[in-house]
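The values are calculated or read from the model by the stated rules, or taken from the named source; none is laboratory data. Quantities reported herein were computed from a predicted structural model and do not represent experimental measurements. The accessibility values were calculated without ligands, DNA or RNA, using every heavy atom of the protein model including side chains. Shrake-Rupley method; radii C 1.70, N 1.55, O 1.52, S 1.80 Å.
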Amino acid sequence: MPDSRSLDTRRINWPIWAGFLLSLAALASYPLFFAQFPVTRDFPWANLLIFAAAGVLLAVGLRRAFSAQARYRGKITGPIMTVASTATMGFFAFLVLFASRGLPDSHGAPRVGQKAPDFTLPDINGKPVSLTELLGQAQASVSDKSEHPRSVLLIFYRGYW
């Protein structure tokens with residue numbers, strides 16, 4: 001049994017605490033900061049990287065707590081902080097990756113097969129191009145009656161460039 005003097009000289013196991021605080025920061029930073037930018041809102045890669053760093057710190061802290069018990073504290077708090085951080089990571093993954101699929105559909109978005117409303121957008125050279133102009137070019141390119149009328153394919157992609 002170690003004497004009381006050796007218990008008092010044990011160091012704080014900082015990776016456990018840093019991993020726990022980092023996992024809380026990753027959870028809070030998505031709605032407060034990262035959701036404002038399309039590059040991190042569409043897929044929360046930055047938060048997943050922060051959670052991965054927290055997981056590494058927690059693993060290092062747990063290893064320290066159980067392999068060098070005489071030098072580091074955390075044999076009791078380490079597993080508690082790790083379980084709490086893992087629950088935080090699971091809660092975040094559930095909310096962002098699964099629960100967000102249950103959001104209601106946009107009522108103003110066109111449905112498959114529905115005629116799209118007319119719009120005008122710039123092409124790659126900055127020249128405005130409208131949907132009616134594209135449809136007119138497609139219909140004019142039909143040379144004889146044996147061919148089927150051509151259409152314009154619209155692909156709506158949720159992304160960021």
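Quick notes
- Residues that are more than 21 Å from the chain's Cα centre (by Cα), in a helix (DSSP H, G or I) and not hydroxyl-bearing (Ser, Thr, Tyr) within segment 72-120 comprise Gly78, Pro79, Ile80, Met81, Val83, listed in sequence order.
- Filtered residue count, segment 1-29, keeping only those that are modelled with pLDDT of 85 or more, open to solvent by 40 Å² or more (accessible area, probe 1.4 Å) and among the hydroxyl-bearing types (Ser, Thr, Tyr): 0
- Of residues in segment 32-53 being of a type outside the set (A, V, I, L, M, F, W, C) and open to solvent by less than 90 Å² (accessible area, probe 1.4 Å), the one nearest to Trp17 (Cα to Cα): Asn47
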